[in-house]
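Asks: First the structure, then my questions, so here it is.
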Amino acid sequence: MASRRHVIADDLRRQISTGQIKAGERLPSEAQLASHYTVSTPTLRNALAVLQGEGLVEKIHGRGNFVRHPLRRITYVGGGRMPDAQTAADAALRVSVRTTNLRARGHLTTLLRVSARSPLTEFLCLSHEGKSPHSLARIYVPRDLAPADVPGKSLWYEGVEARLAELRPPLAEVWEKVSARFPTPEETATLRISSALAVLAITRVATDTTGRVVEAALLVLPGDRADAVFTTHHVTKERGTEG
């Protein structure tokens, strides 16, 4: 037998899918919904959490719960590229960039293979679709490879990457790790997503021909709007003709 929270979530989901409750519309207050479904407020919040985890409902602090406009999906293409530019351009995503000079510490010393307090530059990139936050990336480079004129706004991550590539030497290797996890409290607040919505956390480390790490990127892509694609090319040898 379905639990009360899932029964409530199913009913609200039906109303959203049939257009009874439209995208951008505010849901009744939690107290009103709890009274309507004759359940406790915690049970009602659990039902809303199901819909928030599916990306159907967004809770905005101080304003209430709103039906989300469907967000376009982006594709992270393995091999060192940022999320697919063609998909992003079609979605009209824009990126705001904040640049900060800092000293390496903690996991950054391991990630960039540098000693503690080595000078680094962080590029915090937050993409938006309309007014809604979409995805988050933190890019770290050694200070001597950091351009001084990365634009504060860009059509897409590609603009940031192109500027960084102008100063760095040719890449020899790109190492990538993809994990599925729940967002941190900071990521939940920044991306305005439910803490129950899984994200793709991608760590990418690029090295040059000398083995120096010239860039490390930490990407957070919410699971309701992102895919990761990796293609492996196999080289086959042609058999020589006999005789």
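Asks: Would you calculate a helix-derived [θ] at 222 nm for the chain, using -39,500 (n - 2.57) for each DSSP H run of n ≥ 4 and dividing by the full residue count, to the nearest 500?
Replies: Calculated from helices alone, the mean residue ellipticity at 222 nm is -7500 deg cm²/dmol.
Asks: Can I ask one more? For region 4-67, rounded, prolate or oblate, judged on the Cα gyration tensor with a ≥ b ≥ c (square roots of eigenvalues), a/c < 1.5 rounded, else prolate if a/b > b/c?
Replies: In terms of gyration-tensor shape, rounded.
Asks: Nearest 20 debye, what's the magnitude of the dipole of region 4-67 about its Cα centre given +1 on Lys and Arg Cβ and -1 on Asp and Glu Cβ?
Replies: The dipole of region 4-67 has a size of about 60 debye.
Asks: Give the calculated FRET efficiency between ARG72 and HIS233 to the nearest 0.05, with a Förster radius of 35 Å applied to their Cβ-Cβ distance.
Replies: 0.80
Asks: Could I ask something else about it? Suppose R0 equals 25 Å. What FRET efficiency, 1/(1 + (r/R0)^6) with r the Cβ-Cβ distance, do ARG113 and LEU167 give to the nearest 0.05?
Replies: Result of the calculation: an efficiency of 0.85.
Asks: Would you work out the charge dipole size for the chain about its Cα centre, treating the Cβ of every Lys and Arg as +1 and the Cβ of every Asp and Glu as -1, and quote it to the nearest 20 debye?
Replies: Values: 33 positive and 25 negative charges, 145 e Å.
The calculation lands at about 700 debye.
Asks: May I pose another question? Using alpha-carbon pairs under 8 Å, 6+ residues apart, how would you state the relative contact order of the chain in percent?
Replies: Taking the mean separation of contacting Cα pairs over the length of the chain, I get 19 percent.
Asks: Apply the Kirkwood formula to the chain: the hydrodynamic radius equals the inverse of the mean of 1/r over all pairs of different alpha-carbon atoms; give it in Å with one decimal.
Replies: 20.3 Å
Asks: Additional query: Of LYS59, LYS177, how do they rank once you tally other Cβ atoms within 10 Å and put the fewest first?
Replies: LYS177, LYS59
Asks: Using r as the Cβ-Cβ distance of ASP208 and ASN101, and R0 as 22 Å, what FRET efficiency do you calculate, to the nearest 0.05?
Replies: For ASP208 and ASN101, the calculated efficiency is 0.55.
All of the numbers you see were taken from the coordinates with simple rules; none came from a lab. Here the structure is a predicted model, which is why all the values come from computation and not from measurement. When we count neighbours, we look across all protein chains shown, and the Cβ atoms used for this are built from the backbone with ideal geometry, even at glycine.
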